[in-house]
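**Q** Here it is, the structure in full.
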Amino acid sequence: MVISYLDAGRIATCTPGFGCRCGSPLGFGFTSGAFVLTLGFTANSCTSSFPLLASITSSASSYQKASHIKLTYHCVQVTNRLFAQNGSFGMDLVALNIQRGRDHGLPPYNRWREICHLPPASSFQEFADVMLPEDAERLSSLYAHVDDVDLFIGGLLEKPKAGSLLGHTFLCIVGDQFARLRVSLAISYSFRYNYEVLMNNKNAEECYMILKNKIATATDHYIPRKLIRPTNNPPWFSQEIKRLINARQHSYRRLKRYQTEPHRQEHIHACRAVKRTIKSTKRNKEITVAAQAKTNPKSFYKYVNDRRLKRDTIGSPIDSEGSTQTNNKSKAKILNTYFTSVFTH
C-alpha cells in the first residue's frame, strides 16, 4: 500500500513495512499552534479592522468572488475579544498565532514554500503565483525581506485550492501531517492482525465484537489517560482556607510533640482563624449567589440543592401486577413501558 501525502505537489510517498519514515518533519508547523486555532474561524462571515493587518486582509472580498467560498480571515471576536469577560478587552488570536510561530522558531513562509514544492521567492512579486498580486505588494510594505514573512500570514493570503478553504502551503502541511499519522497508526497497529482470518465464518454480530475489542485495545494502548480525582469541596472552599487548614494541622502536630503553652496558644489561634475565614467566605458566597439569583438562577438553585440534607430520588414504582419494584433495572423497565405507551397510543 503506497500513500501519497499530497496529490497536488507531492512531498513523498510512504510504503509501510519498507523502511518508511513516519515521523513528522512538517508536523511541527501544524502542531505548534501557529495556525491550528484560526483554521476553525476561517469560515466565519465577519470582517475586522485590525490595524496591523488591515492592509493585508482588505482584499478578502475579491477572494470570495474568485473562489465562491465565504472565506474571510479575521473577525472582531477573534482579533479583539478572544476570551473577553464582562465586556473587557480580549486577546488577539492573530497576534498570538504570529508570536507562537516565532516562539517555536518556525521557518519563514518562503522556506515553507520550498518544502511544499513551490519555487522560493526572491521578491515579493513572485508570491503572486499563489496569492493576489496586490496582496503580495502589501506584504512588501510590512516586511523588509521575503524571508521575513511569517508562515501564518503568508499561508492565509494564499488563494484557496478548489474544494478547500486552505491554500497550497497550508494544504501541504495539514495533508502531510494527517497522512503520516494514518500511515504510522497502520504500521504500528492495524497490520498486526489478519482480519480475514479473525472474521472467517463469523456472523455480523461476532465480527462487530471482534472489531470493537480491537479498537478498545488500541484506544487503551495509544491514547493516554489522565487521572481526574473527584473533589468534594464545598462551593465556598478556597485556597486561603486550604492554607489555613494546613497551618492548623501543623500547629496541632507541634503541640502534640512539645506540649507547651506557646504551642497551645498557637493552635488555638490557628483554629479560630480557620473558623473565622470559613464563616466569612460562606457569607460572602451566599450574598453573591443571592444577588445573582435572577441573572444566574442555575447557580442559585445548585447552591441551594447542595445545602439540602435529603435529595429527592425516584420512588419505588408499582408494576402492572401491583408489586413494588425497588430494583433499578425494574424501575427503568416500568418507566420505559409507561413513556412508550404515552407516545405510541
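The values are calculated or read from the model by the stated rules, or taken from the named source; none is laboratory data. All values derive from a computational prediction rather than experimental measurement. Counting neighbours? That spans all protein chains shown, and the Cβs are built from the backbone with ideal geometry, glycine included. Surface areas here come from the heavy atoms of the whole protein model, side chains and all, with no ligands, DNA or RNA. Shrake-Rupley method; radii C 1.70, N 1.55, O 1.52, S 1.80 Å.
**Q** Can you return the lysines within cross-link range of Lys282? Criterion is Cα-Cα under 21 Å, with same-chain partners fewer than 8 residues away left out.
**A** Leaving aside lysines fewer than 8 places away in the same chain, those within reach of Lys282 are Lys242, Lys294, Lys298, Lys302, Lys310.
**Q** For the range 188-327, what does the accessible surface come to per residue with a 1.4 Å probe? Please give it in Å².
**A** Details: 11940 Å² over 140 residues.
On a per-residue basis, the range 188-327 sits at 85 Å².
**Q** Now for a separate question. Counting Lys and Arg as +1 and Asp and Glu as -1, what is the net charge of the other residues whose Cβ lies under 15 Å from the Cβ of Arg254? Present the calculation step by step, with values, prior to reporting the outcome.
**A** Numbers: positive: Arg248, Arg253, Lys256, Arg257, Arg264; negative: Glu261, Glu266.
Result for the local shell: +3.
**Q** With a 1.4 Å probe and every protein chain kept in, tell me what percent of the accessible surface of the range 227-345 is carbon plus sulfur.
**A** On the way: 5560 of 10280 Å².
That share works out to 54 percent.
**Q** So what does His250 come to for accessible area, using a 1.4 Å probe and Å² rounded to 10?
**A** My reading of the accessible area for His250 is about 90 Å².
**Q** Taking R0 as 45 Å, what's the FRET efficiency between Asn327 and Asn246 from their Cβ-Cβ distance, rounded to 0.05? If you can, show how the numbers build up before the last one.
**A** Values: r = 45 Å, r/R0 = 1.00.
Once rounded, the FRET efficiency stands at 0.50.
**Q** What residues have an amide H closer than 5 Å to that of Leu82, excluding those fewer than 5 places away on the same chain, when H is modeled at 1.01 Å from N in the peptide plane?
**A** Gly90, Met91, Leu93
**Q** May I ask you to derive the FRET efficiency for Lys159 and Met91 from their Cβ-Cβ distance with R0 = 25 Å, giving the value to the nearest 0.05? List each step's numbers first, then the result.
**A** Working: r = 29 Å, r/R0 = 1.15.
Efficiency at R0 = 25 Å is approximately 0.30.
**Q** How far, in nm, would the chain grow between Ser320 and Glu114 when pulled straight, counting 0.36 nm per residue and subtracting the alpha carbon separation? Let's see the in-between values first.
**A** Values: separation 206, 0.36 × 206 = 74.16 nm, distance 7.59 nm.
Stretched fully, the Ser320-Glu114 segment lengthens by 66.6 nm.
**Q** What is the percent carbon and sulfur in the accessible area of the range 118-209, measuring with a 1.4 Å probe over the protein chains and ignoring ligands?
**A** Numbers: 2730 of 4780 Å².
Carbon plus sulfur share of accessible area: 57 percent.
**Q** Tell me the per residue accessible area of the range 133-176 using a 1.4 Å probe; a whole number in Å² is fine. Provide the component values of the computation, followed by the final result.
**A** Working: 1600 Å² over 44 residues.
It amounts to 36 Å² per residue over the range 133-176.
**Q** Follow-up question, since we're still on this one. Modelling each spin label as a point 7 Å along the Cα-to-Cβ direction, I'd like the Phe83/Arg225 distance in nm, to one decimal.
**A** According to this spin-label approximation, the distance is 3.0 nm.
**Q** Residue farthest toward the positive end of the dipole of the range 158-287, with Cβ of Lys/Arg at +1 and Asp/Glu at -1: which of Trp236, Ser164, Pro224?
**A** Trp236
**Q** Once the piece of chain linking Arg257 and Phe178 is laid out straight, how much longer is it, given 0.36 nm per residue of separation minus the C-alpha distance between them?
**A** Additional length available on full extension: 22.2 nm.
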